[in-house]
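The values are calculated or read from the model by the stated rules, or taken from the named source; none is laboratory data. Keep in mind that this is a model prediction, so the values were computed, not measured. Please note: Cβ atoms are built from the backbone with ideal geometry, for glycine as well, and neighbour counts cover all protein chains shown. Accessible surface is based on the protein model in full, side chains and every heavy atom, while ligands, DNA and RNA are left aside. Shrake-Rupley method; radii C 1.70, N 1.55, O 1.52, S 1.80 Å.
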Amino acid sequence: MITEAQPINASQLVHQMDPVQDPRWPEFLAGNCNSSIFQTVDWLRALQNTYGYEPLVYTTAAPGEPLTNGVIFCRVKSWLTGQRLVSLPFSDHCEPLVDGVPELESLLALAQTELREGKIKYIDIRPLSLKFSAGVGNSDSFFIHFLDLRPPAEAIYKSFHGDSIRRKIQRAEREKVTLEVGSSHQLLAAFYDLHVITRQRQQLPPHPLSWFRNVLKCLGENAQIRVASKDGRAIASILSLAHKQKMVYKYGCSDAHSHNLGGMQFLFWDLIRDAKSRGFLELDFGRSETTNAGLVTFKDRWGTQRRQMTYLRYPSRSAAQGQGSSKLMNIAKKVFEHCPQSILRLAGNLLYPHMG
């Protein structure tokens, strides 16, 4: 379906396209240095197959013309949390592929029309580096960490924190912690069991198992699970994604009773060495809430570069709305803390389609 809005200038219209069906989208991503794994057709299909979200792109390119810009969204339709446009659900970041903020604002003409007409509740954009004027729809802020993989492996290793990283890697080696890599049903089962344990520790429901199945199925060789085990028992696991010359750490989980064995550090070091050997130039450690000092410090200690990214939301969330959401989340966490794992899994299956 193609939809047109008012012209950006005398000669340009905004068009809506389906990035999953239109072959121009993957061709555009291949040639754009700011594209990410989260904008690929494979990631979009995983979102569609799991949650039923409808992907769409706004662009100035008319049907059949080569793309020169694009802002990608998923339409989230929820009776619980409201209908909205999110760029993109369950993605740490999604850079608008535009030439600056003015072009982005112009491409949002169709979305803004839906907003004014009450068809959607809000528009959520998660830029990685694009900056906006203070107070212009700014929403949540996060830290994101990147590790440069270009230096020699020895130099990268020496940049790690001595006590909390290098010594833990050495401890895992002494303890003969084993490691498996792949996307098999067995590895997914081990990963998901640890994911449920971790989410319970965080007082949150786990993502649906179908989500991880679809990520592995749709992304194929670009998605891998690593599992660290001690005496045949899984103690830590991570799920990574690959796109162009960047490796992305997306999910991690562990058994807290085995943290002293260094399983998570062992996994990251293996991921770093593997990514470097395969020619990747950077490891994206993913986003962290600015208030999560423990996680931020953990990522700092890998010799990473940290920077802040701020999401954009139209209309801006009021202070009262933010406080209300925080109170609701705190109440929910208290409930989840005491739920058995079977109830947590059911809650995740029911709630995540509405969260986006």
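Table for the structure above
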read-out: Options Cys94, Cys74; residue that is crowded, with 18+ Cβ neighbours inside 10 Å, closer than 30 Å to Lys276 by Cβ and either among the small types (Gly, Ala, Ser) or modelled with pLDDT of 95 or more (or both); value: Cys94
read-out: Qualifying positions in region 191-210 - in contact with a helix residue (DSSP H, G or I) (Cβ under 9 Å, 6 or more places away or on another chain), crowded, with 21+ Cβ neighbours inside 10 Å, in contact (Cβ under 8 Å) with a residue 60 or more places away in the chain and closer than 20 Å to Ser240 by Cβ; value: Phe191, Pro206, His207
read-out: Checklist (1) among the charged types (D, E, K, R); (2) in contact (Cβ under 8 Å) with a residue 60 or more places away in the chain; (3) closer than 17 Å to Ser183 by Cα applied to Glu221, failing item; value: (2)
read-out: Flag if Val76 is under 30 Å from Ala223 (Cα atoms) and either without any contact (Cβ under 8 Å) to a residue 40 or more places away in the chain or small (Gly, Ala, Ser) (or both); value: no
read-out: Tally, over region 146-164, of residues that are within 30 Å of Leu209 (Cα to Cα) and either open to solvent by 60 Å² or more (accessible area, probe 1.4 Å) or in a helix (DSSP H, G or I) (or both); value: 0
read-out: Some residue of region 148-162 being within 30 Å of Glu337 (Cβ to Cβ) and in contact with an Asp or Glu (Cβ under 8 Å, 6 or more places away or on another chain); value: no
read-out: Matching entry among Leu110, Leu104 (being more than 30 Å from Ala223 (Cα to Cα), open to solvent by 10 Å² or more (accessible area, probe 1.4 Å) and either modelled with pLDDT under 95 or not aromatic (Phe, Trp, Tyr) (or both)); value: Leu110
read-out: Only listed residue being modelled with pLDDT of 95 or more, among the aliphatic types (A, V, I, L, M) and more than 30 Å from Thr59 (Cβ to Cβ), chosen from Leu204, Leu147; value: Leu147
read-out: Any chance Val181 is at pLDDT 95 or above, open to solvent by 50 Å² or more (accessible area, probe 1.4 Å), of a type outside the set (Gly, Ala, Ser) and not in a helix (DSSP H, G or I); value: yes
read-out: Selected residue (criterion: most open to solvent (accessible area, probe 1.4 Å)) from residues of region 229-246 that are of a type in the set (A, V, I, L, M, F, W, C) and farther than 17 Å from Leu29 by Cβ; value: Ala234
read-out: Some residue of region 28-46 being in a loop (DSSP other than H, G, I, E, B), over 13 Å from the mean Cα position of the chain (by Cα), at pLDDT 95 or above and farther than 26 Å from Tyr251 by Cβ; value: yes
read-out: Lone qualifier among Arg126, Arg75 - being over 28 Å from Thr290 (Cβ atoms) and out of contact with any helix residue (DSSP H, G or I) (no Cβ under 7 Å at 6 or more places or on another chain); value: Arg75
read-out: Selected residue (only one of Ala189, Ala172 is at pLDDT 95 or above and under 23 Å from the mean Cα position of the chain (by Cα)); value: Ala189
